[in-house]
Every structure is written in structure tokens, then in C-alpha cells.
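> Before I ask anything, let me first share the structure, which is written out below as C-alpha cells.
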Amino acid sequence: MDQKAPVLSLPTTPRTLGFFVDGKFVDTGNRHLFERLSPGHDAPVSRTVKCTVDDLDMAVAAARRAFEDGRWSRIPSVERADVLLRAAQIMRRRAEEIAYWETLENGKPITQARGEVEGCASMFEYAAGQARSLHGDSFNNLGDSLFGLVTREPIGVVGLITPWNFPFLILCERVPYILAAGCTMVAKPSEVTSVTTLLLAEVLADAGLPNGVYNVVTGSGSTIGQAMTEHRDIDMVSFTGSTSVGRSCVKAASGNFKKLGLELGGKNPQIVFADADLDDAADGVAFGIGFNTGQCCVSGSRLIVERSVAREFERLIAAKFAKVRVGDPLDPATQVGAITTLAQNKTIMGYIAKGKEEGARLVHGGEQLDFGRGYFISPTLFGDVTSKMTISRDEIFGPVLSVMPFDTGEEAITMANDTVYGLAASVWTKNIDKALNVTRRVRAGRFWVNTTLAGGPELPLGGFKQSGWGREAGAYGVEEYTQIKSVHIEIGKRNPWIS
Ligand code: NDP
């Protein structure tokens, strides 16, 4: 007989953690602390330091020292790889604890958090291989007297700003690649989800990462995040978050022309042709918007469906939504957890109201669910959505799906591209010609055919258009954190300029 897995309990007292600089947690002392309430339970779970700009300066100085003295940037790559591999092992050993804190602060289901931690360990393993295979190029075709080399070098000190929707996963899609490249870094997690970024400091220290290579400052985006993007001694900032803050990063980075990696918003199309396996597609589409309560930059929130099957497809999705288990994130049976912040909850409910007001037909959901505590919204489906409606244009970042029917493949492609974003897209069809045509014509950095949200360390992530700059993960991901130098080597005596 199946035993139902137990629901985990809340911590008896909030966990208090200092920020992390030069291999040590800085004592919280009489520091001003931020208290985080679990969004699924309204209970205080953690306290972290509201760092000042001086704290950031201290962390950047530690990262700069660690970079310049070569304790990480100049050691053989096999030694860097060893640290990353040990970190993956330790992460797996501590997976339950990391997943628990991810769920408490973010509100995502515990089973999902566990899967994400496993994916993070895999990122570290893959990046270890990247550390060892990173190389430049040589030019042996410049004539007898000249030989050319192109070397790859770490870019320097990286500032990493991560959001609250995947605090650990997004961190681990970047940190091992930054470290594989030989950079040192300062991470700034979202203030509301800082704990797992601090736990990674413990994991990396146990794995043998030298002091000063990975530092963490906690605090608000408007102070610490902004100061990081303006900082003159940071060589690159990798930012993941809203397009509006991404824009302010671009302005702030001009002070020292630091390089930027930006992963921003998305309004991702899912095109469903009538010849798709509709039941499978409905399940995939429901997953694509329900996963992480739709608070996911790659959520497939625009459902572009061939008109002849649109109503049938709506019914299939609504039936899937009706069965989804929304509830306590700590319950292993839960599939859709809590909305991460009260502000985000208000934003999503505002968009649902706007959808109704602008004439979209509510097919399913649209309600605030009352479990006596926390913020929960039922998976929501709107039909008859037009390209003029706000819900079809703005990134809602919640479990809200808009159905937009099309008549021809050409029209579907035009509708899919009718957005300022270009982060991700899916196509569902059993016809290979249609699948390839859509894949080649829709402008998005990540594409799925007859699936959605699949991923892993090998394939890069990043956006076209206003969804960002650069790529994370894969071989491209590690290259983002390097710069190249060309070396011209004279063989023998130079041709004299003055004879
Ligand atoms: P933000 O862009 O404000 O936050 C993302 C990260 O940037 C957080 O660490 C935040 O810190 C930090 N930050 C905030 N202001 C600044 C600043 N001026 N300079 C540098 N860093 C800063 O996103 P929100 O949390 O406000 O979410 C708003 C919307 O953004 C969502 O509704 C969604 O549409 C989109 N979003 C997209 C994400 C994605 O993965 N592409 C992720 C998160 C949000 P702190 O949280 O401590 O203030």
C-alpha cells in the first residue's frame, strides 16, 4: 500500500544568517535584519542582514584580491574542476536542507525544489568539464615569421544579481560557469530569498574554494543591487530580473563600461497546431504555465491555437487545471505552491481583473484561493484574447494563460513574434515541416518542440530582443565570463623599420 509522504513542518525559530565575505560569515551583531515570512504560511522563517554599500565595497575588495593574486584565476583548470565536482557532491548530500529553505522562502512545492537542487548539482558537474576544455585558438597561417595565438582569460570580478523566482537554480545556472572561467564574484540574491545563496557559500567552502572567490551580500535591490551595477571595481554584472531594472543596469554600467549579461522578461508563445497530440500538448501547456506558479521567465503564457481545435483544446486545459493540486508548498503532494510575495500576488490579481475588464472570456480559475494563510491563485485560463489586450502583452509572472486562435501557420508565426520579448517558445505538431518552419522563424532564444521547459546544463539560455543580452550555461555560458586576447609572436628577427 502507498504511504502518503509526510508534510514537513516549519522551523521553530527563524534562521539567522550573516552575509559572507572572504571565506567567513560576517557576524549579524546589531545589524539591521530583514525578516522573511514564508509566503505559503505567513510565518517568519529567516533573518538576513540589510547590507550597506560599505559591506558591498568590502566584498568587492575581497573578490578583487582573490582575483589579482591568482589563487583561483591562475591555478590549473583541473584544480578548479575538482572543487566544482566536490561542490556537486556536497550539494547532493545537503539537497534536502537546500530544497527545504528554497520552498520556505519562495513558496514552490518541495518536490519541485528537490528536483531543482539535483539539476544544480548537475550544472556544477558540467561546468567542471567546461573549466578543463576552455581554450583559445592558434594561427599557423601567418607566414614564416609570425605566429598567432588567441587566449581566453577570466573577465575578472563578477557581480551576480539573482531574482526570487528560482533563487538556487538561477544562481547555479551562473556560479559554476563564472568559477569555471576563473573569475571571482559577489552574489546579491533577492532580499526575500537569500538563504540558499548563503548556503551555497558553505557548500563551496567545504568543497575547498579559496577564500574571497565567492562572496555574498544581502539587502535590497534598490541599494545593494544598484550599487553593484554602478561599482567601478566590478568588471561584469550578470543580472536576471525585470526588463525595467535591466534597463537601469545598462545605464548604471556605463560608469566603467562593465560588461553586462542580462536575462530579462518573456511573454512566451506556445503554438498548437490541430495535428498535435492534443492531450499530450494540453498536459505540457498546463505544466508550462503552472510550474513555479507561472513565476517563470520562460512560462508559455500566450497559447496560440489553431482555430479548428481551439475550443476543444480549452476544454482539455481546463480539465487539467481542475485536477492540479494547489496547496501547502511543504506537502509532497502539492503541484502548485504559493505566490512568492504579496506584491506579486496583487500584480497577478490585477492582471486577472484587467483581462475580464478588457473582454477576455474567463474559462477557468481567476480566483484568490483561501487556505487561511499564504498567497494562492488558481491556475487561470482566458479565451478570446486579442493582441490588443494587456494580458496578451505584459509579462504577468503568474499562472495565467491566454488563448489566441489562428487560422494559418503564417498568422501563428506573426502572432508569436508580436511582442517586445524573445525569451522562449514552444510548438506542438506532429508535422516536421511545420515544426521546423516555426522553430526557424519565431525569434526566441530557447525553443521547444512537442515539449516545454525542458533544460539542462548543456543547452544555453538567454533571450532575443528585449529579453536580454548574452547566454548562460552550456559552452557559451562559460565563454560569457571570459575575454579573449590576441597574441602576435615574431619568429626570428623583425624586418627593420629604420635601417
Ligand atoms: P526586479 O527586477 O526588481 O528584481 C530582480 C533582482 O534585481 C532582485 O535581486 C532585486 O533585488 C534586484 N534589483 C531590484 N532593483 C534593482 C536595481 N535598481 N539595481 C540592481 N538590482 C536591482 O524584479 P521584481 O522582483 O520586482 O519582479 C518584478 C517583475 O519582474 C515580475 O513581475 C516579473 O515580471 C519580472 N521578473 C522576471 C524575472 C526573470 O526571471 N526574468 C525574475 C524576477 C522578476 P530585491 O529583490 O532584493 O529588491
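> Where the centre of each part is set by its Cα atoms, how far does region 294-329 sit from region 481-499, in angstrom?
Here the two parts' Cα centres lie 60 Å apart.
> From the backbone phi of region 447-459, what are the Karplus-calculated ³J(HN,Hα) couplings (6.51 cos²θ - 1.76 cosθ + 1.60, θ = phi - 60°) in whole Hz, Gly and Pro given as x?
Residue by residue, region 447-459 yields 10, 10, 10, 6, 6, 8, 6, 6, x, x, x, 6, 9 Hz.
> For Ala286, what is the net charge nearby, where nearby means another residue's Cβ is under 13 Å from its Cβ and Lys, Arg count +1, Asp, Glu -1?
0
> Sequence-distant or interchain residues sharing an amide H contact under 5 Å with Thr482, placed H: which?
Residues meeting the criterion, in which the H sits 1.01 Å from N, are Ile155.
> By how many degrees, between 0 and 90 and to the nearest 10, does the Cα long axis of helix 195-206 differ from the longest principal axis of the chain?
40 degrees
> A further question follows. How much length would be gained if the chain were fully extended between Ala322 and Ile432, taking 0.36 nm per residue of separation minus their Cα-Cα distance, in nm to one decimal?
Using 0.36 nm per residue and subtracting the Cα-Cα distance, I get 36.4 nm.
> What distance in nm separates the two pseudo spin-label positions at Leu146 and Lys251, each 7 Å out from Cα along the beta-carbon direction?
4.4 nm
> Can you find, among Ile90, Asn437, Gly119, the residue sitting farthest towards the positive end of the charge dipole of the chain, where Lys and Arg contribute +1 and Asp and Glu -1 at Cβ?
Farthest along the dipole direction, towards plus: Asn437.
> Okay, moving on. Are there cysteines in the chain with no other Cys C-beta under 4.7 Å, and if so, which?
Cys51, Cys183, Cys249, Cys296, Cys297
> Could I ask something else about it? Counting only GluC sites (Glu not before Pro) that are in a DSSP loop and have at most 14 other C-beta atoms within 10 Å, tell me the longest site-free stretch of the chain.
No qualifying site falls inside 1-366, the longest such stretch.
> As I understand it, the dipole of region 91-159 uses +1 on the Cβ of Lys and Arg and -1 on the Cβ of Asp and Glu, about the Cα centre. Which of Leu149, Asn106, Phe139 lies farthest toward its positive end?
The residue sitting most towards the positive pole is Asn106.
> Rounded, prolate or oblate: which one fits region 128-206, using the alpha carbon gyration tensor with axes a ≥ b ≥ c (rounded when a/c is under 1.5, else prolate when a/b beats b/c, else oblate)?
Prolate, because a/c is 1.5 or more and a/b exceeds b/c.
> A further question follows. Can you give me the long-range amide H partners of Val186? Hydrogens built in the peptide plane at 1.01 Å from N, cutoff under 5 Å, separation of 5 or more residues or another chain.
Excluding prolines and chain starts, which carry no amide H, the hits are Val158, Gly159, Leu160, Asn215.
> Express the C-alpha Rg of the chain as a ratio against the empirical globular expectation 2.2 N^0.38 Å, rounded to two decimals.
Ratio of Cα Rg to 2.2 N^0.38 Å: 1.03.
> With each pseudo-label sitting 7 Å past Cα toward Cβ, what's the Asn495-Phe34 distance in nm, one decimal?
Calculated label separation equals 6.1 nm.
> Counting each DSSP H run of 4 or more residues in the chain as -39500 (n - 2.57), what helix-only mean residue ellipticity at 222 nm follows after dividing by all residues, to the nearest 500 deg cm²/dmol?
Per the formula, -11500 deg cm²/dmol.
> I've got another one for you. Report the trypsin sites (Lys or Arg not before Pro) located in region 393-499 that are in a DSSP loop and have at most 10 other Cβ atoms inside 10 Å of their Cβ, or state none.
Counting only loop positions with at most 10 other Cβ atoms within 10 Å, the trypsin sites (Lys or Arg not before Pro) in region 393-499 are Lys493, Arg494.
> Would you mind checking which residues have amide H under 5 Å from Ser138's amide H? H placed 1.01 Å from N; only 5 or more apart, or other chain.
Answer set, sorted by chain and number: Val150.
> What are the ³J(HN,Hα) couplings of region 307-319, residue after residue, when phi is run through the Karplus curve with 6.51, -1.76, 1.60 and θ = phi - 60°? Round to Hz, x for glycine and proline.
Values per residue, Gly and Pro as x: 4, 4, 10, 4, 5, 4, 5, 4, 4, 4, 5, 4, 5 Hz.
> With θ set to phi - 60°, apply the Karplus curve 6.51 cos²θ - 1.76 cosθ + 1.60 along region 421-431 and write out the HN-Hα couplings as whole Hz, x wherever there is a Gly or Pro.
Result, ordered by residue: 8, x, 8, 8, 7, 10, 10, 10, 6, 9, 9 Hz.
> Let me ask another. Are there trypsin sites (Lys or Arg not before Pro) in region 288-328 that DSSP puts in a loop and that have at most 16 other Cβ atoms within 10 Å, and which ones?
Arg325
> Please give the residues of region 388-415, grouped as numeric ranges, whose backbone N is less than 15 Å from a label point set 7 Å along the Cα-to-Cβ vector of Arg443.
413-415
> I would also like to ask the following. Which value, in debye to the nearest 20, gives the size of the charge dipole of region 443-490 about its Cα centre, when Lys and Arg are +1 and Asp and Glu are -1 at the Cβ?
In total the dipole reaches around 300 debye.
> For helix 77-93, what angle does its Cα long axis make with the longest principal axis of the chain, in degrees from 0 to 90 and rounded to 10?
30 degrees
> For labels at Leu362 and Ala5 in the simple 7 Å Cα→Cβ model, what's the distance in nm?
That separation, rounded to one decimal, is 3.3 nm.
The numbers here are math on the coordinates, done by the rules we state, and not lab data. Because the structure is a prediction, the values reported are computed rather than measured. Note that we place each Cβ from the backbone using ideal geometry, even for glycine, and neighbour counts take in every protein chain shown.
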